[in-house]
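Here is the structure we will look at, set down as structure tokens.
The values are calculated or read from the model by the stated rules, or taken from the named source; none is laboratory data. Only a predicted model underlies this, so the values are computations on that prediction, with no experimental measurement involved. Methodologically, a virtual Cβ is constructed for each residue, glycine included, from the backbone with ideal geometry; neighbour enumeration extends over all protein chains shown. Surface accessibility is based on the protein's heavy atoms, side chains included, excluding ligands, DNA and RNA. Shrake-Rupley method; radii C 1.70, N 1.55, O 1.52, S 1.80 Å.
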Amino acid sequence: MRSLGVVWRSAAPVAAVAVVLFGGAGCGGPAASSPQSETGSSGAPRTQNSAVPAPATPSVGVLVSGGDHYCTASVVSSPRGNVIATAAHCAAAHPAEQLEFAPGFSGADEGTYPYGKWKVRATQIDDRWIADQEDAVDYAFLTLEPDARGRSVQSVVGSSTPDWGAGPDQRVTVVGYPVEDHNPENRPIMCTTDTHRDTDVPAMVRMRCGGFWDGTSGSPWLTGYRGPDRMGRIIGVLSGGDTDAESTAVLFDAGARSLYERATRA
């Protein structure tokens, strides 16, 4: 059972599905340019109290099932360029064969898919999350099929580099897609702010920035972000939070790395 009752930020119920499970014991290509966040004299993005609409970031997009998008995901660097990261509760919401990833998605109603949709081949979720929905392992890695031209998603849209040992005190840039009720144009939002350890769940970190409504689960937490062609390092993904202004993420650790490595071989 989930210990804290943290509100997830997916826009679809979690279903019991057939996924590839692995225990947690021990357990970039080029991107199109768009305007960067406002930066300070050091070149690092300034901190914010509320998220702002952002130009599409090619390597960040939405998970789609049955034509509807419900969570955020992003491309992470991998040997074959075919791995994305999201929250476990997002990956488990639908069977893998029903899932697609739409990078750079934007637009009202059905929206636009500038880089197409990429079919999910396999899903890696920690079995502790499947068994007990443990907040401390609410991350997942998905392996994608190549597109019709045989290209990997990373070669088309770029990626961020996974960091398996980041500390809790970081400055992060978070990019996500709130649901249409709070985001009628289906545009991504972005916020740069500081993180600190969650005192209730030591494996998690917490940030304060308004605007991260349902749909932003799985959003990448990036350090060293300097723009869509300089994504920096991903240290975790958004899991949930009690309000839209307070969000949590699980820091990637040895368990996350084990899942990622399995995803690279799937």
task = Restrict the check to segment 101-109 and report whether at least one residue is open to solvent by 50 Å² or more (accessible area, probe 1.4 Å), touching a Gly at 6+ places or on another chain (Cβ under 8 Å) and assigned to a loop (DSSP other than H, G, I, E, B).
result = no
key: Hey, ILE189 over 25 Å from GLY111 (Cα atoms) and under 17 Å from the mean Cα position of the chain (by Cα) or not   = no
ask   = Tell me, which residue of segment 226-266 that is out of contact with any strand residue (DSSP E or B) (no Cβ under 6 Å at 6 or more places or on another chain), closer than 23 Å to GLY104 by Cβ and open to solvent by 40 Å² or more (accessible area, probe 1.4 Å) is modelled with the lowest pLDDT?
value = ASP229
Segment 65-99: number of residues that are crowded, with 22+ Cβ neighbours inside 10 Å and part of a strand (DSSP E or B) = 13
